[in-house]
1. Long-range amide H contacts for Asp58: which residues qualify at under 5 Å (H placed 1.01 Å from N, peptide plane, sequence gap of 5 or more or a different chain)?
2. Apply the Karplus curve 6.51 cos²θ - 1.76 cosθ + 1.60, θ = phi - 60°, to the phi angles in segment 41-54 and return the couplings in whole Hz, x for Gly and Pro.
3. For Glu57, what charge total do you get from the other residues with a beta carbon under 12 Å from its beta carbon, if Lys and Arg give +1 and Asp and Glu give -1?
4. Going by average Cβ density within 10 Å per residue, which order do the peptides 18-27, 31-40, 56-65 take, highest to lowest?
5. What does the accessible area of Asp13 come to, in Å² to the nearest 10, when a probe of 1.4 Å is used?
6. How many percent of the accessible area of segment 18-57 is carbon or sulfur, using a 1.4 Å probe?
Amino acid sequence: MSENQTMDELNNDVQTVSLGVVAYNEEPVIDQILNDIAKQDYPHEYMEIILVDSDSEDGTKAKMEMYQD
């Protein structure tokens, strides 16, 4: 960001990004993965997070569902 750019001007240049998380039996670590994504400094309103459970046999899907809007 240059000295002359305001935050509004900077946000006009921001592109929407999509992140895909595909998981299979990742219950022990899925919370950490999703929390790490949430900590990113990219503007959250420009982020699309796509969560895909690959028919896990543990609680991965249930944990992913907790993050739905």
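The values are calculated or read from the model by the stated rules, or taken from the named source; none is laboratory data. Please read these numbers as outputs of a predicted model, since none were measured by experiment. Here the Cβ is made from the backbone with ideal geometry for all residues, glycine too, and neighbour counts use every protein chain on show. Note: accessible area is taken over every heavy atom of the protein model, side chains too, but ligands, DNA and RNA are not part of it. Shrake-Rupley method; radii C 1.70, N 1.55, O 1.52, S 1.80 Å.
1. Those lying under 5 Å, H to H, from Asp58 are Asn25.
2. Rounded to whole hertz, the list is 8, 5, x, 4, 5, 10, 10, 10, 10, 10, 9, 10, 9, 8.
3. Working: positive: Lys61; negative: Glu26, Glu27, Asp53, Asp55, Asp58.
Once all neighbours under 12 Å are counted, the net charge is -4.
4. The densest-packed peptide leads the list: 56-65, 18-27, 31-40.
5. 100 Å²
6. Numbers: 1380 of 2820 Å².
Whole-percent figure for carbon plus sulfur exposure: 49.
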